[in-house]
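Single-structure report; data block below.
Each reported figure results from applying straightforward, stated rules to the coordinates on display, with no laboratory input. Just so we're clear, the structure is a prediction, and the values are computed from it rather than from any experiment. Virtual Cβ from ideal backbone geometry, glycine too; neighbours counted across all protein chains shown.
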2 protein chains.
Amino acid sequence: MKEKIIYFLKEAREGYVSGEEISRRYAVSRAAIWKYIQELRGDGFDIIAVPHLGYKLVASPDKLLPTEIQYGLKTQYLGKKIIYENMVNSTMDVAFRLGMEGAVQGTLVCAEGQTNGKGRLGRTWSSPKWKGVYMSIVLRPSLALTQVTQLTLLAAVAVCEAIQRVSGVAARIKWPNDILVMNRKLAGILTELSAETDQVRFVVIGIGINVNTPLRLLPLTATSLKEETQRKISRVELVQEILCLLEQWYERLQKEGFDGVVQRWKELSSTLGRRIRVVDPSGDVEGEAIDLDGMGGLLIRNDTGLVISKTAGDVIDE
Amino acid sequence: MKEKIIYFLKEAREGYVSGEEISRRYAVSRAAIWKYIQELRGDGFDIIAVPHLGYKLVASPDKLLPTEIQYGLKTQYLGKKIIYENMVNSTMDVAFRLGMEGAVQGTLVCAEGQTNGKGRLGRTWSSPKWKGVYMSIVLRPSLALTQVTQLTLLAAVAVCEAIQRVSGVAARIKWPNDILVMNRKLAGILTELSAETDQVRFVVIGIGINVNTPLRLLPLTATSLKEETQRKISRVELVQEILCLLEQWYERLQKEGFDGVVQRWKELSSTLGRRIRVVDPSGDVEGEAIDLDGMGGLLIRNDTGLVISKTAGDVIDE
């Protein structure tokens, strides 16, 4: 009901909505509406009430509330079901558990903060409360196990484009899944999955973005959108844009295959064409990053001219 | 304590063990020992008690009790921790949950029966109580996502060899993971996993074998070891042999790589050299099965001479 009232108030834009109108529309008593308005104020909505005019929404809270994310969201299935938490251990763990329990494709878990935000390879992701975007999405793709890396690259493309659209910051992708501005980490993508060897059951894509995070709350090598633009960026708008682009690219992957994603990834990449070293327990490789292979692996030409494909590891600039 | 008493009685072989000896060895009262003996009899152990001589184990129950499996088990870590259930939904689900909770490598889940035994691709596995082996093992390999198929082939080799050793039945492997006798299904292997895109967290290998199962309890295309040999086969011995061979092959994979497994798999294969069709949602392929590729995929030469690699699908004889 609270969601419906917010929707109604938002639709009225600059105008007032009388308690009587809401009461008639949703068949709820005016006393009950007053109670919901009080609760919404408690949630952080700034709603004024003027006698004989009614209610008006002046400002929404700076929270990733499902009502906010879903208002005007132009997706078919991404984010149609949202699990919103104030604080979680990790949105990945919540989403993975939901995946195990059969959550529908597109289920979104987002939180205001994480006590144990996850990065790749068991690392952590700084997740100060109310400052960043910490979200995980359950997908059920028809992909072979060997194709799952494609989703990580796809998500990097969508996040990179969404950042550009919402903030104007031209971020670049460092293989396989970091999003950087001038070599400082702005966002990261983590892909987890549950599978049989010949069938993926579900994939969870996790996205962490430093949005309005002050540098003092971040690792030394990180930056945030606020730091880059010197203004506050709407986290809600950013999440909406990510969901929208992610769904578009995901649909395109399923219909047209991986080529389009690869091409766009290359345009946004800061890794290709550079001399790098990939550090990985199975063996380091040093040379020029020349291309992606069909699976999303990085092709490196070493000094003897041999081209080697790496599917895992960390890229270090030489 | 019951496990210790059984161990003591087994060590005595044909002899008797006095209550006093057990009492002294484990510092338990003789009255308590009497109580444990009664419980063990309830579990199905046939223990006789003769005045002035003591206790003697005449027969163990035909159950997959951890005490039975672990007695004389020659492994380093496989089966050192056993979760034994009378009936479960599926040993895969129990083991997967344990994997999520951090179960150590080698944790074994076995059950006398399954109400919802799992086969590949969402199929079921007939699991009548006390008749078959239904087991799942948690492994934590250092493998890339693309290498997990290797474990399925490895498990097929170990199970095939264990069946031969314990029953004398010369079963053959149908790609990727069925174990057949004269085209009738004797055993199946299912591999599930949880992973990040660049790091496998854990793998669960499930093994189902029709051991003493009467044909009337099985699908039409199946057979059992009892049917093939016309005698009752020890399920405990079979599980022990599987654990032992699985650990040997697993160690070998990690030390020497996949080549040795592939070579042995080929010797045991009923698929290679045959004209087949692989049926798979991503597209059927028809031709001669000529080899395995380095990832465990099946290489098929079609009628135009093109060699195609399949990583998933069902093999149908042409």
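Taking +1 at the Cβ of each Lys and Arg and -1 at the Cβ of each Asp and Glu, which of A:Thr191, A:Gly113, A:Val239 sits farthest along the dipole of the stretch A:66-268 towards its positive end, judged by Cα position relative to the Cα centre?
It is A:Gly113.
For the stretch B:1-120, what is the convex hull (Cα atoms) projected area averaged across all directions, in square nanometres?
9.1
Which residue fluctuates the most in chain B, going by a Gaussian network model with Cα springs under 10 Å, if the choices are B:Val278, B:Val17, B:Val133?
Evaluated over chain B, the most mobile residue of the options is B:Val17.
Charges at C-beta only: +1 for Lys and Arg, -1 for Asp and Glu. How large is the resulting dipole of the stretch B:66-268 about its Cα centre, in Debye rounded to 20?
Magnitude of the dipole: close to 560 debye.
In nm, what does the list of distances from B:Ser282 to its counterparts in the other copies look like, shortest first, when each label sits 7 Å along Cα to Cβ?
1.7
Report the charge-dipole magnitude of the protein assembly as shown in Debye, nearest 20, computed about the Cα centre from +1 at each Lys and Arg Cβ and -1 at each Asp and Glu Cβ.
Magnitude of the dipole: close to 1540 debye.
Please report, in whole Å, how far the alpha carbons of the stretch A:158-265 spread along each principal axis, starting with the longest.
The Cα atoms of the stretch A:158-265 stretch 46, 24, 24 Å along the principal axes, largest first.
Please compute the Kirkwood hydrodynamic radius of the stretch B:61-212 from all pairs of different C-alpha atoms, in Å with one decimal.
About 15.7 Å for the stretch B:61-212.
³J(HN,Hα) across the stretch A:260-268 via Karplus (A = 6.51, B = -1.76, C = 1.60, θ = phi - 60°), whole Hz, x for Gly/Pro?
For the stretch A:260-268, the Karplus curve yields x, 4, 4, 4, 5, 4, 4, 4, 8 Hz.
Where q = 0.23, 0.24 Å⁻¹, what log10 of I(q)/I(0) comes from the Debye formula for the stretch A:11-56, counting one point per Cα?
Ignoring solvent entirely, the Cα scatterers give -0.84, -0.91.
Round to a whole angstrom and tell me the spacing of the C-alpha centers of the stretch A:254-318 and the stretch A:175-241.
Comparing the Cα centres of the stretch A:254-318 and the stretch A:175-241, I get a distance of 20 Å.
For the stretch B:190-197, what does the Karplus curve 6.51 cos²θ - 1.76 cosθ + 1.60, with θ = phi - 60°, yield as ³J(HN,Hα) per residue in whole Hz, taken in order and with x for Gly and Pro?
10, 10, 10, 8, 10, 7, 8, 5
Net charge near B:Val181: determine it from the other residues with C-beta under 13 Å of the C-beta of B:Val181, scoring Lys and Arg +1 and Asp and Glu -1.
Result for the neighbourhood of B:Val181: +2.
Over chain A, what lengths in whole Å, largest first, do the semi-axes of the equivalent ellipsoid take, defined as the square roots of 5 times the eigenvalues of the alpha-carbon gyration tensor?
Working through the eigenvalues yields semi-axes of 41, 21, 16 Å.
Within 10 Å of each Cβ in A:139-146, how many Cβ atoms from other chains are there, averaged over the peptide?
Across the residues of A:139-146, the mean count of other-chain Cβ atoms within 10 Å is 4.
Amide H to amide H, which residues 5 or more places from A:Ala111 or on other chains are under 5 Å from it, using H placed in the peptide plane?
Amide H neighbours of A:Ala111, under 5 Å, 5+ apart: A:Glu85, A:Tyr134.
So which GluC sites (Glu not before Pro) in the stretch A:98-171 are both in a DSSP loop and have at most 14 other Cβ atoms within 10 Å of their Cβ?
Listed in order of number, the matching sites are A:Glu101.
Relative to the other copies, what are the label-point distances for A:Glu101, with labels 7 Å from Cα along the C-beta vector, expressed in nm at one decimal and sorted shortest first?
Once sorted, the set of distances for A:Glu101 reads 1.7 nm.
Averaged over A:196-207, how many beta carbons belonging to a partner chain fall within 10 Å of each residue's beta carbon?
Counting other chains' Cβ atoms within 10 Å and averaging over A:196-207 gives 5.
Compute log10 of I(q)/I(0) for the protein assembly as shown with the Debye formula, placing one identical point scatterer on every Cα and leaving out solvent, at q = 0.06 Å⁻¹, to two decimals.
For the requested q values the scattering log ratios are -0.45.
From the cross-link list A:Lys63/A:Lys226; A:Lys185/A:Lys266; B:Lys10/B:Lys63; A:Lys80/A:Lys266, which pairs have alpha carbons spaced over 20 Å apart?
Pairs exceeding the cut-off: A:Lys80/A:Lys266.
Taking chain A as a Gaussian network, where each spring joins two C-alpha atoms under 10 Å apart, which residue of A:Trp249, A:Trp34, A:Trp175 fluctuates the most?
A:Trp34
Would you work out which of B:Ala170, B:Gly102, B:Ile205 lies farthest towards the positive end of the dipole of the stretch B:66-268? Charges go on Cβ: Lys and Arg +1, Asp and Glu -1.
Ranked along the dipole, the leading option is B:Ala170.
If we hang a label 7 Å off Cα along the beta carbon direction at B:Arg301, how far is it from the matching labels on the other copies, in nm, shortest first?
3.4
In the stretch A:1-74, what trypsin sites (Lys or Arg not before Pro) fall in a loop by DSSP, with at most 14 other Cβ atoms inside 10 Å?
For trypsin sites (Lys or Arg not before Pro) across the stretch A:1-74 that sit outside H, G, I, E and B with at most 14 neighbouring Cβ atoms in 10 Å, the list reads A:Arg13, A:Lys74.
Amide H neighbours of A:Ile47 under 5 Å, counting only residues 5+ apart in sequence or on other chains, H built in-plane at 1.01 Å?
Here A:Val58 satisfy the definition.
For the stretch B:155-212, take the alpha-carbon Rg, divide it by the Kirkwood Rh, and send me Rg/Rh.
1.09
Could you work out which residue, out of A:Ser167, A:Ser126, A:Ser60, moves most in a Gaussian network model of chain A, that is, has the largest mean-square fluctuation with Cα springs under 10 Å?
Judging by the Gaussian network model, the answer is A:Ser60.
Could you name the aspartates and glutamates whose alpha carbon sits less than 12 Å from that of B:Lys232, not counting residues in the same chain fewer than 8 places away?
By straight Cα distance, B:Lys232 reaches B:Asp62.
Around B:Arg201, which amide H atoms from residues at least 5 apart in sequence, or from another chain, sit under 5 Å from its own amide H, with H modelled in the peptide plane?
Counting only residues 5 or more places away or on other chains, the set is B:Ser194, B:Ala195, B:Glu196.
Using 0.36 nm times the number of residues separating A:Phe8 and A:Val279, minus their current alpha carbon distance, what extension gain do you get?
Residue separation times 0.36 nm, minus the Cα-Cα distance, leaves 92.2 nm.
Give the angle, between 0 and 90 degrees and rounded to the nearest 10, that separates the Cα long axis of helix A:30-43 from the longest principal axis of the Cα atoms of chain A.
Taking the Cα atoms of chain A, the angle to A:30-43 is about 40 degrees.
Note down the nm distance, to one decimal, between modelled labels 7 Å out along Cα→Cβ at B:Val307 and at B:Gln38.
So the label points at B:Val307 and B:Gln38 sit 7.0 nm apart.
Report, to the nearest 10°, how far helix A:2-11 tilts away from the longest principal axis of the Cα atoms in chain A, using its own Cα long axis and a range of 0 to 90°.
Here the helix axis deviates by roughly 90 degrees.
Can you list the equivalent-ellipsoid semi-axes of the stretch A:275-317, largest first and in whole Å, using the square root of 5 times each Cα gyration tensor eigenvalue?
Gyration-tensor ellipsoid for the stretch A:275-317: 13, 13, 9 Å.
Which whole-Hz couplings ³J(HN,Hα) result when phi for each residue of the stretch B:99-106 is put into the Karplus expression 6.51 cos²θ - 1.76 cosθ + 1.60, θ = phi - 60°, listed in order with x for Gly and Pro?
x, 4, 8, x, 3, 5, 4, x
Which three numbers, in whole Å and largest first, are the semi-axes of the equivalent ellipsoid of the stretch A:88-171 derived from its Cα gyration tensor as √(5λ)?
Sorted largest first and rounded, they come to 21, 19, 13 Å.
On a 0 to 90° scale, report how tilted helix A:149-167 is relative to the longest principal axis of chain A, with both axes built from alpha carbons and the result rounded to the nearest 10.
Tilt relative to chain A: about 50 degrees.
If I take every Cα pair under 8 Å that is 6 or more residues apart in chain A, average their sequence separation and divide by the length, what percent do I get for the relative contact order?
13
As a check on your grasp of the helix formula, calculate [θ] at 222 nm for chain A: sum -39500 (n - 2.57) over DSSP H runs of n ≥ 4, divide by the residue count, round to the nearest 500.
Helices in chain A give a 222 nm mean residue ellipticity of -10000 deg cm²/dmol.
Provide the FRET efficiency to the nearest 0.05 for the A:Ser29-A:Glu101 pair, computing r from the beta carbons and using R0 = 51 Å.
The pair A:Ser29/A:Glu101 has a calculated efficiency of 0.90.
Taking 7 Å along the Cα-to-C-beta vector as the label spot, tell me the A:Ile48-A:Asn183 distance in nanometres, rounded to one decimal.
Roughly 5.1 nm, to one decimal.
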